[in-house]
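Participant: Could you have a look at this structure, given as structure tokens, before my questions?
The values are calculated or read from the model by the stated rules, or taken from the named source; none is laboratory data. These numbers were taken from a predicted model, which means no experiment stands behind them. Note that each Cβ is placed from the backbone with ideal geometry, even for glycine, and that neighbours are counted across all protein chains shown. For the accessible areas, the whole protein counts, side chains as well, though only heavy atoms, and no ligand, DNA or RNA atoms are used. Shrake-Rupley method; radii C 1.70, N 1.55, O 1.52, S 1.80 Å.
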Amino acid sequence: MGRRGRQLRPFCVKARVQPRGYSGPLQRALTDFGAEESFARAAARMQEHYGIAVAISTVRAITYQHARQLLAVEPVRPIQPVKRLITQMDGSMIPVVASGPSGDRRKGKTLAWQEVRLCCARGDGQTDRLYGATLGSLATVSLLWQQTAQRAGLGGKTFVHGLGDGAPWMVAQFQENFGPQGKYLVDIYHVSEYLAAAATPIAGEQKAAQWLHRQKDRLLAGQAKKILRTLEPHRERKNRAETPVRDAWRYLEQRLDHLHYDQAQAAHLPIGSGEVESGHRHVIQQRLKLAGAWWKETNAQAMLGLRVARANGCWQSYWNKN
């Protein structure tokens, strides 16, 4: 080793650390904390647990660095395609901020809520599911949904059971991706919310619960058309401020092809989208909806990728390679 020649640093090579840099284990710990809590809290926990003082900006930079690298890591796919695949899609709002047009990013910035689309998929009978999340366009959502289903075992002969709130864009994306090999079902709890709002105007306060119970029985029996006939004579005029009966009638009438609860139950398939709604809480909201937190869109997408990778079991394999 000469003063002007190549320098060898055996310890740095062995420890996988650069001068004034951060070792792999240290970066993993920082990313682990940063993925779960605010960057300020992550820095405090680093000091508390390891006695290492790290700047908040450093925690942020390292967490985002690995979050973006984790976007390229794919979960392990099943060896064989599954016979039946259960997949769900839903949207959730997160706070985002855009910088102003001037040089000072603090001036003219705008705060808004932007929708994250989250999907999940699993083979029938499996407990572990795979997630996908994006802030992108509907085209991006469609591709993500298809990729998530493929990673969960979608094959050419797989039957796809889809669930969600029945939003038109969601049904359209399901049909585009899975077409004749799938069937979409509206989450029964969303339908029940509309019927619950119509119960009191139709049956009165004392008999509202009994009326609602009767309509739910009809839903489960595949008798949605009977519910429409029950709602129809009670529809309010369009010019009224509140129209709960008309809203319920319209919601069901536009989704008659996706209310086959009797068939789903006979096939031992779920009729509620609780899996993806639970995913909103533990994959997205626990980190991206912390009190007082606002995200740049690019950073939010990186953090979504990090949270999804952890939920999909990619965390350990990623760090084994780094």
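Participant: Can you tell me which residue is farthest from the chain's Cα centre (by Cα) among those in the range 67-85 that are among the β-branched types (Val, Ile, Thr) and loosely packed, with under 13 Cβ neighbours inside 10 Å?
Facilitator: Initially, the range 67-85 is screened for residues among the β-branched types (Val, Ile, Thr), giving 73, 76, 79, 82.
After this cut, where a residue has to be loosely packed, with under 13 Cβ neighbours inside 10 Å as well, the list is 76, 79.
Numbers: Val76: 19, Ile79: 25 Å.
Here the residue is Ile79.
Participant: Moving on to the next point. Within the range 59-101, count every residue that is among the basic types (Lys, Arg) and part of a strand (DSSP E or B).
Facilitator: Filtering the range 59-101 down to residues among the basic types (Lys, Arg) leaves 60, 68, 77, 83-84.
Narrowing further to those that are part of a strand (DSSP E or B): 84.
Residues meeting the conditions: 1.
Participant: Among (1) over 30 Å from Ser99 (Cα atoms); (2) open to solvent by less than 40 Å² (accessible area, probe 1.4 Å); (3) assigned to a helix (DSSP H, G or I), there is one condition Asp257 misses while meeting the rest; what is its number?
Facilitator: Tallying (1) over 30 Å from Ser99 (Cα atoms); (2) open to solvent by less than 40 Å² (accessible area, probe 1.4 Å); (3) assigned to a helix (DSSP H, G or I), Asp257 fails exactly one: (2).
Okay, residues lined up against (1) part of a strand (DSSP E or B); (2) over 15 Å from the mean Cα position of the chain (by Cα); (3) at positive phi:
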site: Leu118; (1), (2), (3): yes, no, no
site: Thr127; (1), (2), (3): no, yes, no
site: Tyr131; (1), (2), (3): yes, no, no
site: Gly136; (1), (2), (3): no, no, no
site: Ser142; (1), (2), (3): no, no, no
site: Trp145; (1), (2), (3): no, no, no
site: Ala149; (1), (2), (3): no, no, no
site: Lys157; (1), (2), (3): no, yes, no
site: Gly162; (1), (2), (3): yes, no, no
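Table: residues versus (1) open to solvent by 50 Å² or more (accessible area, probe 1.4 Å); (2) at pLDDT 85 or above; (3) under 22 Å from Val116 (Cα atoms).
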site: Lys14; (1), (2), (3): yes, no, no
site: Pro25; (1), (2), (3): yes, yes, no
site: Ser38; (1), (2), (3): no, yes, yes
site: Ala42; (1), (2), (3): no, yes, no
site: Met46; (1), (2), (3): no, yes, no
site: His49; (1), (2), (3): yes, yes, no
site: Ile56; (1), (2), (3): yes, yes, no
site: Arg60; (1), (2), (3): yes, yes, yes
site: Gln65; (1), (2), (3): yes, yes, yes
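Participant: Find the residue count for the range 203-223, including only residues that are touching a helix residue (DSSP H, G or I) at 6+ places or on another chain (Cβ under 6 Å), part of a helix (DSSP H, G or I) and within 18 Å of Glu253 (Cα to Cα).
Facilitator: Count: 5.
Participant: A follow-up question, please. What is the residue count in the range 187-216 for residues that are in contact with a Gly (Cβ under 6 Å, 6 or more places away or on another chain) and among the basic types (Lys, Arg)? Break it down into steps so the answer makes sense when it comes.
Facilitator: Filtering the range 187-216 for residues in contact with a Gly (Cβ under 6 Å, 6 or more places away or on another chain) gives 187-189.
Those still in the list that are among the basic types (Lys, Arg) too: none.
Qualifying residue count, the range 187-216: 0.
Participant: While we're looking at this one, here's another question. So how many residues does the range 131-179 have that are among the small types (Gly, Ala, Ser), more than 27 Å from His268 (Cβ to Cβ) and touching a Leu at 6+ places or on another chain (Cβ under 9 Å)?
Facilitator: Taking the range 131-179 first, the residues among the small types (Gly, Ala, Ser) are 132-133, 136-137, 139, 142, 149, 152-153, 155-156, 162, 164, 166-167, 172, 179.
Next cut, more than 27 Å from His268 (Cβ to Cβ) only: 133, 136-137, 139, 142, 172.
Keeping just the survivors that are touching a Leu at 6+ places or on another chain (Cβ under 9 Å) gives 133, 136, 172.
Looking only at that region, the number is 3.
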